[in-house]
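The structure under discussion appears below in the form of structure tokens.
Bear in mind that the values in this text are calculations on the coordinates, not laboratory data. The structure displayed is predicted, hence computed values, not measured ones. Every residue, glycine as well, gets a Cβ built from its backbone with ideal geometry; the counts of neighbours run over all protein chains shown.
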Amino acid sequence: MAEVAKEKTLHDVEVPVGINPRQVALAKAYISERLQDGFTINDFCSRNSLSTKTWYGWLEVPEYERYINELSDVLIPEDELQAVKKMKKKIMGYADKASPSTQEMKIFTETFNYIFEAEARIQAEKLGLNKGVASASHRPETTLEEKKSYLLTKLTKSLTPEEERELDKKFGF
């Protein structure tokens, strides 16, 4: 009788020399959490009391990066990853069709919804309408009224460069 191979788990991945227990725990948490909707490195680091600088520094260590990749391979088996890549390629082909069906368009937009959302966020940021915390500056959220006031002032008043900088600073843009 053929022996059934034991499925590899996260705990079966050998920890490289020099990787401490905290790094191991965070690597396992990272590869599990990053598959969830809305995952961001900033939120992950914040939840784990870790600076993003430290996290990215760890990722620059070849052993740590290799360890995370090996954990990822266990979490998502290669055959499943290849199947997803094939389907993604097929779905991407819908964009080149002259007349995609309604169903094809629905599949395409659902599959690439995260890209549409990212594009909308980028456009909102360009217009000064970004929601939440400004990523680079960590300023608190600007209210809708403040955003309206800011935009109206910029659109209706002739400002000197100094006044414009002051206005941008005041509203956190």
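HN-Hα J couplings of segment 101-106 from phi, Karplus 6.51/-1.76/1.60, θ = phi - 60°, integer Hz, Gly and Pro as x?
Rounded to whole hertz, the list is 6, 4, 5, 5, 5, 5.
Using the structure shown, list the pairs from 53/154; 126/154; 148/169; 53/147 with a Cα-Cα distance above 25 Å, or answer none.
Details: 53/154 35 Å; 126/154 14 Å; 148/169 15 Å; 53/147 31 Å.
Going by Cα-Cα distance, 53/154; 53/147 fall outside the 25 Å limit.
In segment 1-120, with Lys and Arg counted as +1 and Asp and Glu as -1 at Cβ, which of these residues, 42, 71, 95, has the Cα nearest the positive end of the dipole, that is, farthest along it?
Projecting each Cα onto the dipole axis, the largest value belongs to 95.
With labels modelled as points extended 7 Å from the Cα through the Cβ direction, what inter-label distance (nm, one decimal) is found for residue 109 paired with residue 89?
2.7 nm
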